[in-house]
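**Q** Dumping the structure here so I can ask a few things about it.
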Amino acid sequence: MALKKYSEITGMNSETLERDLTNNMNDLHRLKLEHKVKGLQNPVQIKFLRREIAMMKTEMTKRTSTK
């Protein structure tokens, strides 16, 4: 799982951004649960997802504040 660059996120349209944000939040919840239950082979995935979600939320806030 590679971290998306901020320029890739800014290039997305709003619908795609919202859909990806929802998917990433669901994945983060699933990974956290899986990590607590049996442990992940690569727990750094959680950190990357959190950062990507933060970038997406920042872009969403930026878009709503400029309207």
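The values are calculated or read from the model by the stated rules, or taken from the named source; none is laboratory data. On a predicted model such as this, the values are computed, not experimentally measured, just so you know. We place every Cβ from the backbone using ideal geometry, glycine too, and count neighbours over all the protein chains shown. Heavy atoms of the whole protein, side chains included, go into the accessibility calculation; ligands, DNA and RNA do not. Shrake-Rupley method; radii C 1.70, N 1.55, O 1.52, S 1.80 Å.
**Q** With just the Cα atoms of the chain, tell me how far they stretch along each of the three principal axes, in Å, largest first.
**A** Cα spread of the chain along its principal axes, largest to smallest: 44, 17, 16 Å.
**Q** Continuing with the same structure: Label residue 23 and residue 48 with points 7 Å out from Cα along Cα→Cβ: what is the distance between them in nm?
**A** In this crude spin-label approximation the distance works out to 1.5 nm.
**Q** Just to check I understand the Karplus step: with θ = phi - 60° and J = 6.51 cos²θ - 1.76 cosθ + 1.60, what whole-Hz values come out for segment 25-40, glycine and proline as x?
**A** For segment 25-40, the Karplus-derived couplings read 5, 5, 5, 4, 4, 5, 5, 4, 5, 4, 5, 6, 6, 10, x, 9 Hz, x marking Gly and Pro.
**Q** Just the accessible area per residue of the chain, please: how many Å² with a 1.4 Å probe?
**A** Spelled out: the 1.4 Å probe surface of the chain, per residue, equals 74 Å².
**Q** Under 13 Å between alpha carbons, and skipping anything fewer than 8 positions from residue 5 in its own chain: which aspartates and glutamates qualify?
**A** 52, 59
**Q** Between 0 and 90 degrees, rounded to the nearest ten: what's the tilt of helix 44-66 against the longest Cα principal axis of the chain?
**A** For helix 44-66, the angle is close to 20 degrees.
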